[in-house]
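Just below is one structure, and these are the notes that go with it.
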Amino acid sequence: MQQHKAIEEILQYTYSRPELLTLALTHSSWANEHGAEQAHNERQEFLGDAVLELCVSWELFARFPDAREGDMTRLRSRLVSTGALADLARELHLDTFLLLGKGEEGQGGRNRDTVLSDVFEAVLASVFEDGGFAAATAVVQHVFRNRWPASVGESPRKDYKTRLQEEAQRLFKDRPLYVPTGSSGPEHAKIFSVRLILPNHKEFSAQGPSLKRAEQEAARLALEALNQA
């Protein structure tokens with residue numbers, strides 16, 4: 001129940017049928033290990049892929065009334081690519097809520113882009129099943145709020161560390177410092193911690209399944225604090 005409340009807060013959506021969210025977070029490997037047969041999220045992934053494409057297409061169609069089909073297709077492809085959706089799933093902390101089997105966990109499934117992009121699509125499908133297209137559209141608008149392009153010709157969005165370095169140079173004429181602060185957990189599922197120190201001495205701590213991911217998360221937090229995310 002606490003997990004559901006946390007995700008509802010992240011998505012800014014309240015479920016009337018929370019069991020749909022539980023299903024969306026259930027990987028087939030977990031279902032197989034627990035004898036749950038078809039009680040996993042693969043059907044929702046199928047639905048969520050279509051829902052996401054429609055929601056993103058509608059938003060781009062509305063944002064850029066003069067854009068050509070090819071331009072909107074290019075923008076949509078960038079927004080819904082496997083890597084982009086995996087990064088979004090991590091940003092929303094869906095990786096921490098995902099139910100994985102021990103075998104898949106041991107093979108690094110919790111940090112695999114394909115697994116994470118799939119769980120994002122499944123979660124969106126659960127919103128669609130629960131609240132319809134209007135609810136799904138609202139969630140997409142919310143979680144993509146910092147990702148929508150400002151113009152049709154906008155260059156691909158830079159990663160958080162690059163953006164923070166540029167912003168720190170602009171504001172402070174210096175670059176941020178990243179300090180690894182340790183790791184925890186078993187070898188196959190380690191969690192790395194990092195502390196980010198801005199030139200103005202403000203600090204941000206973050207964790208991730210790799211040092212690189214932890215640094216990216218710390219940079220994202222710093223950018224939000226600087227009102228640049």
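Figures for the structure shown
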read-out: So Phe120, is it out of contact with any strand residue (DSSP E or B) (no Cβ under 6 Å at 6 or more places or on another chain), open to solvent by less than 20 Å² (accessible area, probe 1.4 Å) and in contact (Cβ under 8 Å) with a residue 60 or more places away in the chain; value: yes
read-out: Residue in the stretch 141-157 that is farther than 26 Å from Thr73 by Cα, among the acidic types (Asp, Glu) and open to solvent by 40 Å² or more (accessible area, probe 1.4 Å) present; value: no
read-out: Test: residue in the stretch 166-178 that is touching a residue at least 60 places away in the same chain (Cβ under 8 Å) and closer than 30 Å to Glu104 by Cβ; value: no
read-out: Hits in the stretch 35-59 - residues which are open to solvent by 50 Å² or more (accessible area, probe 1.4 Å) and over 14 Å from Ser117 (Cβ atoms); value: Gly35, Glu37, Gln38, Arg43, Leu47, Ala50, Leu54, Trp58
read-out: Hits in the stretch 1-33 (condition: open to solvent by 90 Å² or more (accessible area, probe 1.4 Å) and without any contact (Cβ under 8 Å) to a residue 40 or more places away in the chain); value: Met1, Gln2, Lys5, Glu9, Thr14, Glu19
read-out: Neighbours by Cβ (under 6 Å, 6+ apart or cross-chain): first from the stretch 131-153, assigned to a helix (DSSP H, G or I); second among the β-branched types (Val, Ile, Thr); value: Ala135/Val127; Ala136/Val51; Ala136/Val127; Val139/Val127
read-out: Any hit, the stretch 192-211, residues being in a helix (DSSP H, G or I), modelled with pLDDT of 95 or more, open to solvent by 60 Å² or more (accessible area, probe 1.4 Å) and closer than 30 Å to His27 by Cα; value: no
read-out: Criterion (out of contact with any strand residue (DSSP E or B) (no Cβ under 8 Å at 6 or more places or on another chain), open to solvent by less than 60 Å² (accessible area, probe 1.4 Å) and at pLDDT 90 or above) met by exactly one of Ala62, Ala89, Ala84; value: Ala89
read-out: From the options Leu171, Leu221, residue that is open to solvent by 60 Å² or more (accessible area, probe 1.4 Å) and assigned to a helix (DSSP H, G or I); value: Leu171
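The values are calculated or read from the model by the stated rules, or taken from the named source; none is laboratory data. Predicted, not measured: the structure shown is a model, and the values here were computed from it. Positions of Cβ are generated from backbone atoms using ideal geometry, with glycine treated the same way; all protein chains shown enter the neighbour counts. Just so you know, the surface numbers come from the protein's heavy atoms only, side chains and all, with ligands and any DNA or RNA stripped out. Shrake-Rupley method; radii C 1.70, N 1.55, O 1.52, S 1.80 Å.
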